[in-house]
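First up is the structure itself, then whatever we jot down about it.
Rule-based calculations on the coordinates, nothing more; no lab input. Note that the structure is a prediction, hence the values are computed from the model and not measured. No Cβ is skipped: glycine too gets one built from the backbone with ideal geometry, and neighbour counts run over all protein chains shown.
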Amino acid sequence: MIGKHAVRYGSLLYLAAILIAPVVLVFYRAFEHGPGPFWDAISNPAAVHALRLTLYVTLITVPLNTAFGILCGIAIVRHRIPGMGLVNAIVDLPLALSPVVVGLALYLLYGNDGWFGGFLHDHGFRVLFATPGIVLATLFISLPFVVREVVPVLREIGTDQEEAAATLGASAFTTFRRITFPAIRWAVAYGVVLTTARCLGEFGAVSVVSGGLAGRTQVLTQYVQASYENFDQTGAYAASVLLAGLAILTLLLMTVMKRGDRSS
Amino acid sequence: MFPLAVDAARFLPTARRRAVGAPALASGLALTYLSVIVLIPLAAIAAEGVQGGWQHFWEVAWNPEARAALKLTFAVSGIVVLVNAVTGTALAWTLVRDSFAGKSIVNALIDLPFALPTIVAGLTLLALYGPTGIVGVDIAFTRLGVLAALLFVTLPFVVRTVQPVLIELDREQEEAAASLGASRFHSFRSIVLPHLLPALLSGVALAFARAIGEFGAVILISGNLPFKTEVASLYVFQRLNSGDPQGASALALLMLVISFLVLLGVGGIRRWATRHDR
């Protein structure tokens, strides 16, 4: 029995030391001097702009990657074309690839000497060090989440009902709307939550392509870094608490959805 | 369950097949999007990395600073793999086989490193283990700090791959072993561990890939000291910022290949495991 408790306390101690204690301390530090300084730090113009830019990028990215996730999931499971195994591995790549490599790739494409950068620049369109670059980086990084959630569910439900709908004369779109989508809706919702969390927190790829100009191209995660490096610890902790709060909200939603999925 | 039923679509007349599976349009759209967002950018890295031929690629990728960064990255990621194999399995075991107050909260907290922005992860570690920390340990700007940051962000991988296998695992064999006098450790090693092995391997492989490429969690705590705490991703970032996209691309290409190999390896482990299940 001692062995059992050693595993329990050992693993929980590790969790506390590496994860829980540091996160709790950041919350404490942010509110150390009461809610006044916290509010001042959150409501300064650079912080507000960073938050708005982050939300703006997320609002563009999440719907695009959700639509792609559903289409790609259907393509992988239902459409057997050669090379789908490779497509599968490529879809997972953003999960395993360094965000800096992603940022560098976009820099090489859209920089002034890049493959597309020169052409776009001549037509007065800025990608790098502007919002489109941040959106492209976030699209890449948050691409796999909806696909990963949708694929196993599509495999499990099979094609029986879809075939039945088709033989009864339903169009492909009607079949999708009435049969396929209701079956995968929890998986899609779960994927959307994960995508949103990833978009709000993206840092590495965005750091490379955004330029990080305060009040212009700085997202909230970059605001945390800039504040810390400018010895504005209160600002860094306050913005971190905001992001951590969103992360915890994500966890709550995930837990609720797992229950909803099980009961349906 | 009925793999034949799924494959039946293949034998349907074309008119019915079109409505059944994805119209070719879905695949076409998905592949185009994938190309624009993922494939073309990665092709740019490959093209830039090998621009001056292989000889030049090695010269650029193999300079002393890059080598030091790679060495540190691999060494620390190796330690991350070993620590995660032990603590991840222990945590999964605690969550599945043990019961205590607040277990469901602990279970939900495991995913926090996935949901928390990496820069915030780095900052939280600095708050506790940095110069102004309250425990009297200062690991800022040290390799130990880099290790702590990587342990933070890779915590969920092994737990989340091992946990479902442990839940499904039948306890009959373990009970039989116990009744025959096997110790708990012995029965874990020779009965439970072999079942967990494929999941454990994919978990540590994913943690390894993540550790190799991590940037946000490391940037504040490491201080980016070349030859001391500069990891591969920081080296790539620093090369690009000092106007050397080719040097950055050489190392980035190497990291890209490693990530892809890890993913193919994990896919291989999964196929191997499902074949053994049958």
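Values computed for the structure shown
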quantity	calculated
Relative packing of A:173-181, A:238-246, which averages over residues the other C-beta atoms within 10 Å, highest first	A:238-246, A:173-181
Pairwise centroid distance, computed over Cα atoms, of region A:51-93 with region A:219-236, Å	32 Å
Helical contribution to [θ] at 222 nm, DSSP H n ≥ 4, -39,500 (n - 2.57), averaged over chain B, rounded to 500	-23500 deg cm²/dmol
Percentage relative contact order, chain B, counting C-alpha pairs under 8 Å, at least six apart	27 percent
Kyte-Doolittle mean at least 1.0, axial Cα span of 27 Å or more - DSSP H helices of chain A	A:45-78, A:181-201
Listed residues B:VAL266, B:GLN246, B:ILE219: farthest to the positive end of the dipole of region B:205-272 (Cβ charges)	B:VAL266
Nearby aspartates and glutamates by direct alpha-carbon distance to B:LYS103 (threshold 19 angstrom, same-chain neighbours under 8 apart not counted)	B:ASP111, B:GLU168
Between region A:152-207 and region B:201-278, the Cα center-to-center distance that results, in Å	30 Å
Ranked list, fewest to most other Cβ atoms within 10 Å of each Cβ, for A:PHE68, A:PHE38, B:PHE74	B:PHE74, A:PHE38, A:PHE68
Residue (of A:VAL188, A:VAL208, A:PRO152) at the positive-pole extreme of region A:125-242, dipole from beta-carbon charges	A:VAL208
Principal axis dimensions, region A:62-111 - Cα atoms, whole angstrom, descending	37, 25, 19
Anchor B:LYS228: aspartates and glutamates whose Cα lies under 13 Å away (excluding residues fewer than 8 positions away in-chain)	B:GLU65
Sequence of B:GLU174, A:GLU156, B:GLU168 once ranked by neighbouring C-beta atoms within 10 Å, starting from the fewest	B:GLU168, A:GLU156, B:GLU174
Residues B:PHE152, B:PHE237, A:PHE119, B:PHE141 arranged by fewest to most Cβ contacts within 10 Å	A:PHE119, B:PHE141, B:PHE152, B:PHE237
Order by protection proxy (mean Cβ within 10 Å, highest first), peptides B:119-132, A:22-35	B:119-132, A:22-35
Rounded if a/c under 1.5, otherwise prolate or oblate - chain A, Cα gyration tensor axes	oblate
Relative contact order of region B:188-278, defined on C-alpha pairs under 8 angstrom at six or more residues apart (%)	34 percent
Shielding of A:203-212 by partner chains, average beta-carbon count, 10 Å	4
Size of region A:117-248 as Cα extents on the principal axes (Å, biggest first)	66, 43, 18
